[in-house]
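The values are calculated or read from the model by the stated rules, or taken from the named source; none is laboratory data. Note that the coordinates shown come from a computational prediction; the quantities given were computed from them, not determined experimentally. All Cβ positions, even for glycine, are placed from backbone atoms using ideal geometry, and neighbour counts span all protein chains on display.
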Amino acid sequence: MAGGLTLLEAGWLLYSYFYAPTIVVSCPALGCPAPSIYLWASLPLGVVLLIVGALGLWGASFAYAGGAAFSVVALAVTGQAVVALTGYPYLSAESNQAMIGVVLAALATAGNVAGMRTRSDLAEQANPMNLPVFG
């Protein structure tokens, strides 16, 4: 589950970098907010989260810690974009895009933290080598 959420978050960051509307396109000449870190950070974060999410789906346990760390960074970046875009009514598409990024980053962070806490080891009682031997 955590790997899938991380892949979803990575996909959204990459989508928002390449295809979603940006401030440069939809901002009028006057009254533009300062460029957000979200504009340039979404591409490297998306690529890293894509790799970490694929490793998490593959079953690498270290990917959960990496996914949680990079999801926290993505949460901070998208949160900063939401704060920067608040108060500009003509930037509603960009603001909504950043809010969706915040939700996905929060979900991926929670999923990765939960993935770090779970253990997939067999209990000693459930180990097949502990079956009684009748002989």
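When residues of the range 68-81 are filtered for being within 12 Å of Ala108 (Cβ to Cβ) and at pLDDT below 90, how many remain?
Matching residues across the range 68-81 total 1.
Keeping to the range 15-45, report how many residues are at pLDDT 80 or above, surrounded by 18 or more Cβ atoms within 10 Å (Cβ to Cβ) and closer than 11 Å to Gly101 by Cα.
Adding up the residues that qualify gives 2.
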